[in-house]
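Asker: Structure in structure tokens, see below.
The values are calculated or read from the model by the stated rules, or taken from the named source; none is laboratory data. In this text, all values refer to a predicted model and were calculated from it rather than measured experimentally. Cβ: placed from backbone, ideal geometry, glycine included. Neighbour counts: every protein chain shown. The area values use the complete protein model at the heavy-atom level, side chains included, leaving out ligands, DNA and RNA. Shrake-Rupley method; radii C 1.70, N 1.55, O 1.52, S 1.80 Å.
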Amino acid sequence: MIYQLLVVEDEEQLRRIICDHFTSEGYSTIEAANGEEAISQWEMHHPDLVILDIMLPIKSGMEVLKEIRTIDTTPVIMLTARVEEIDKLLGLEMGADDYITKPFSPRELSARVKAVLRRTNSNLSEKHILYFGSLKVDIHRMEAYCNNQLISLTGTEFRILLIFMENPGQVFSRLQILERIYGDMYEGYERTIDTHINNLRRKMEAAYINDIAIKTVYGVGYKLVEEGS
Ligand code: CA
């Protein structure tokens, strides 16, 4: 699997060096130059790990870490300068997984990233939490959330939603959806899928999900897409 890293660093040159290094090692990278951008990038992409500088414009790394931690356990490695010793300790207390003191070599950082990913890999490899836009799905619990608000779904609605969440953007015909839910033993008509889809749409709307939508592909079926894409 290709790990996606979010690199948050306001010093452009350093950010470039870090991103280039990880790209050359086969990671996918996204970046942010300040705290606010970090939060929006994190919300949009849900990367596997965040490299987070402490001293950042608009929102500090500590604030960003705090916001991430209220929602999720994404591994975070803090970048600190020597003068930030106290913040560094605070960061670990607030749930950072590791820190590295500037100046550091990309190779050093890369070793830390690998170690943290290995340590947290048990939850990563399970991938039982899926994200798409503001929607989050917990496969083990069979639950869907929007901004941590539980959306109450029937078993069938959940299974349909899961098909879309596992394959965003991909079109599924009614027959394909039926077969995936019930196997070859399905009863009922393809049109019953329409009812389930309409119920799902209604519940997503009621949960104020407006960044993603289940679109009808006329004559074919349905797909889950980001709005505006
Ligand atoms: Ca900085």
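Asker: Which residues, counting only those in the range 134-177, are free of Cβ contacts under 8 Å to residues at least 24 places away in the same chain and among the aromatic types (Phe, Trp, Tyr)?
Answerer: Once the filter is applied, which keeps residues that are free of Cβ contacts under 8 Å to residues at least 24 places away in the same chain and among the aromatic types (Phe, Trp, Tyr), the range 134-177 yields 145, 158.
Residue-wise test of (1) among the charged types (D, E, K, R); (2) away from the ligand (no atom under 13 Å from the Cβ); (3) in contact with a strand residue (DSSP E or B) (Cβ under 6 Å, 6 or more places away or on another chain).
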{"residue": "25", "(1), (2), (3)": "yes, yes, no"}
{"residue": "28", "(1), (2), (3)": "no, yes, yes"}
{"residue": "32", "(1), (2), (3)": "no, no, yes"}
{"residue": "39", "(1), (2), (3)": "no, yes, no"}
{"residue": "43", "(1), (2), (3)": "yes, yes, no"}
{"residue": "46", "(1), (2), (3)": "no, yes, yes"}
{"residue": "52", "(1), (2), (3)": "no, no, yes"}
{"residue": "57", "(1), (2), (3)": "no, no, no"}
{"residue": "61", "(1), (2), (3)": "no, no, yes"}
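Asker: Let me ask another. Being assigned to a helix (DSSP H, G or I) and open to solvent by 50 Å² or more (accessible area, probe 1.4 Å) is true for just one of 157, 190, 179. Which residue is that? Working first, answer last.
Answerer: Working: 157 fails: open to solvent by 50 Å² or more (accessible area, probe 1.4 Å); 190 fails: assigned to a helix (DSSP H, G or I).
It is 179.
Asker: Also: Would you say residue 100 is under 17 Å from the mean Cα position of the chain (by Cα), outside any loop (DSSP other than H, G, I, E, B) and at pLDDT 85 or above?
Answerer: So residue 100 fails the test.
Asker: Now a separate question. Looking for whichever is open to solvent by less than 50 Å² (accessible area, probe 1.4 Å) and either in the same structural domain as residue 39 (by TED's automatic domain parsing) or more than 25 Å from residue 72 (Cα to Cα) (or both) here; the options are 163, 214, 209, 151. Which one fits?
Answerer: Checking each option against the conditions leaves just 214.
Asker: Next up: Determine whether the range 57-71 contains at least one residue that is touching a Leu at 6+ places or on another chain (Cβ under 6 Å) and charged (D, E, K, R).
Answerer: Within the range 57-71, none of the residues are touching a Leu at 6+ places or on another chain (Cβ under 6 Å) and charged (D, E, K, R).
Asker: How many residues are surrounded by 23 or more Cβ atoms within 10 Å (Cβ to Cβ) and out of contact with any helix residue (DSSP H, G or I) (no Cβ under 6 Å at 6 or more places or on another chain) if we restrict to the range 50-64?
Answerer: Residues flagged as surrounded by 23 or more Cβ atoms within 10 Å (Cβ to Cβ) and out of contact with any helix residue (DSSP H, G or I) (no Cβ under 6 Å at 6 or more places or on another chain) within the range 50-64 amount to 3.
Asker: Working only within the range 215-227, note down all residues that are under 19 Å from the mean Cα position of the chain (by Cα) and over 21 Å from residue 148 (Cβ atoms). Full working, then the answer.
Answerer: Keep residues of the range 215-227 that are under 19 Å from the mean Cα position of the chain (by Cα), which gives 224-227.
Of everything in the range 215-227, just one residue is under 19 Å from the mean Cα position of the chain (by Cα) and over 21 Å from residue 148 (Cβ atoms), namely 225.
Asker: Would you please name the residue that is farthest from the ligand (Cβ to nearest atom), looking only at residues in the range 65-84 that are surrounded by 20 or more Cβ atoms within 10 Å (Cβ to Cβ) and not in a loop (DSSP other than H, G, I, E, B)?
Answerer: Once the filter is applied, the top-ranked residue is 68.
Asker: Here is a follow-up. Return the total of residues in the range 45-87 being charged (D, E, K, R) and within 17 Å of residue 116 (Cα to Cα).
Answerer: Here is the first cut: in the range 45-87, the ones charged (D, E, K, R) are 48, 53, 59, 63, 66-67, 69, 72, 82, 84-85, 87.
Narrowing the set further to residues that are within 17 Å of residue 116 (Cα to Cα) leaves 48, 53, 69, 72.
So the answer is 4.
Asker: Which residue pairs have Cβ atoms under 8 Å apart, sit 6 or more places apart or on different chains, and have a first residue in the range 4-19 that is farther than 12 Å from residue 56 by Cα and in the same structural domain as residue 108 (by TED's automatic domain parsing) and a second that is of a type in the set (Asp, Glu) and near the ligand (Cβ under 9 Å from one of its atoms)?
Answerer: What qualifies is 15/9; 18/9.
Asker: What pairs can you find where one residue is in the range 85-105 and over 16 Å from residue 64 (Cβ atoms) and open to solvent by less than 70 Å² (accessible area, probe 1.4 Å), the other is among the charged types (D, E, K, R) and at pLDDT below 90, and their Cβ atoms are less than 8 Å apart, with a gap of 6+ or different chains?
Answerer: Final answer for the pair search is 101/82; 101/88; 102/82.
Asker: Would you point out the residue of the range 5-19, among those that are within 12 Å of the ligand (Cβ to nearest atom) and open to solvent by 10 Å² or more (accessible area, probe 1.4 Å), that is nearest to residue 40 (Cα to Cα)?
Answerer: 10
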